[in-house]
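To start, the structure under review is shown below, and the notes come after it.
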Amino acid sequence: MGDILDEATAIVRCRECPWYKNCVTPLQVSPEDIAQFRLMLQQGNLPEQAKSEMENILENMASMSQNMILQSCPVFAQRLKESPEMARQMKEMMQNWGKEE
């Protein structure tokens with residue numbers, strides 16, 4: 001009986017989640033986020049050369065993170081943590097993506 005209730009709870013949590021049916025998305029770094037980082041740097045007590053280098057580093061990190069980091073809904077993340085088998089199957093599927101069978 002507990003398994004049925006757990007599954008029903010998981011379905012309800014999933015349907016109520018603001019990420020519903022969009023469990024994973026690439027990390028989005030907006031121009032506003034970058035502007036906010038720049039403002040923080042300008043308010044800092046760093047030499048101009050260091051500020052310039054930090055801006056370049058932040059822009060490069062923002063660009064790379066959009067290609068490498070995913071955001072996921074909390075329900076999806078919890079399910080992966082609770083099910084190593086599901087995580088293994090997804091990893092295997094991604095590693096074999098595009099290979100002919």
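The values are calculated or read from the model by the stated rules, or taken from the named source; none is laboratory data. In this text the structure is predicted, and so the values were computed from the model without any measurement. Every residue, glycine as well, gets a Cβ built from its backbone with ideal geometry; the counts of neighbours run over all protein chains shown. Areas reflect the complete protein model, heavy atoms only, side chains present, ligands, DNA and RNA absent. Shrake-Rupley method; radii C 1.70, N 1.55, O 1.52, S 1.80 Å.
Of note:
- Backbone HN-Hα couplings from phi across region 71-86 [Karplus 6.51/-1.76/1.60, Hz, Gly and Pro as x]: 9, 9, 6, x, 5, 4, 4, 5, 5, 5, 5, 7, 10, x, 5, 4
- Tally of Lys pairs whose C-alpha atoms are under 21 Å apart, taken over the chain, 8 or more apart or cross-chain: 4
- Each other residue within a Cβ distance under 12 Å of Ala35 adds +1 if Lys or Arg and -1 if Asp or Glu, for a net charge of -3.
- Nearest-10 value in Å² for the accessible area of Val24, using the 1.4 Å probe: 60
- Under the combined filter of DSSP loop state and at most 13 neighbouring Cβ atoms within 10 Å, region 1-81 retains none of its GluC sites (Glu not before Pro).
- From phi via Karplus (6.51, -1.76, 1.60), per-residue ³J(HN,Hα) for region 46-61 in Hz, x at Gly/Pro: 10, x, 4, 4, 5, 4, 4, 5, 5, 4, 4, 4, 5, 5, 5, 5
- Low-density loop cleavage sites - chymotrypsin sites (Phe, Trp or Tyr not before Pro) in the chain, where at most 10 other Cβ are within 10 Å (DSSP): Trp97
- Region 1-82: trypsin sites (Lys or Arg not before Pro) in DSSP loop, at most 12 other beta carbons within 10 Å: Lys21
- Simple Cβ-charge dipole of the chain, Lys/Arg +1 and Asp/Glu -1, about Cα centre, in debye nearest 20: 100
- Segment Gln78-Gln95, extension gain: residue separation times 0.36 nm, minus the distance between their alpha carbons: 3.9 nm
- Helical mean residue ellipticity (222 nm; -39500 (n - 2.57) per DSSP H run of 4+; nearest 500) of the chain: -22500 deg cm²/dmol
- Its relative contact order, with pairs defined as Cα atoms under 8 Å and 6+ residues apart, puts the chain at 37 percent.
- Two-site label geometry, Gln43 and Thr9: point separation in nm, points 7 Å out along Cα→Cβ: 4.2
- Rolling a 1.4 Å probe over the protein chains gives Ile11 an accessible area of about 80 Å².
- Between region 37-56 and region 75-95, the alpha-carbon center distance in angstrom: 40
- Based on protein heavy atoms only, the chain ends up with 85 Å² per residue of surface accessible to a 1.4 Å probe.
- Estimated FRET transfer efficiency (Gln28, Arg88; beta-carbon r; R0 30 Å; 0.05): 0.60
- Annotation: amide H of Gln71 within the under-5 Å range of Thr25, Leu27, sequence separation 5 or more or interchain, hydrogens built in the peptide plane.
- Listed residue (Gln49, Ile4, Ser65) projecting farthest to the positive dipole end of the chain, Cβ model: Ile4
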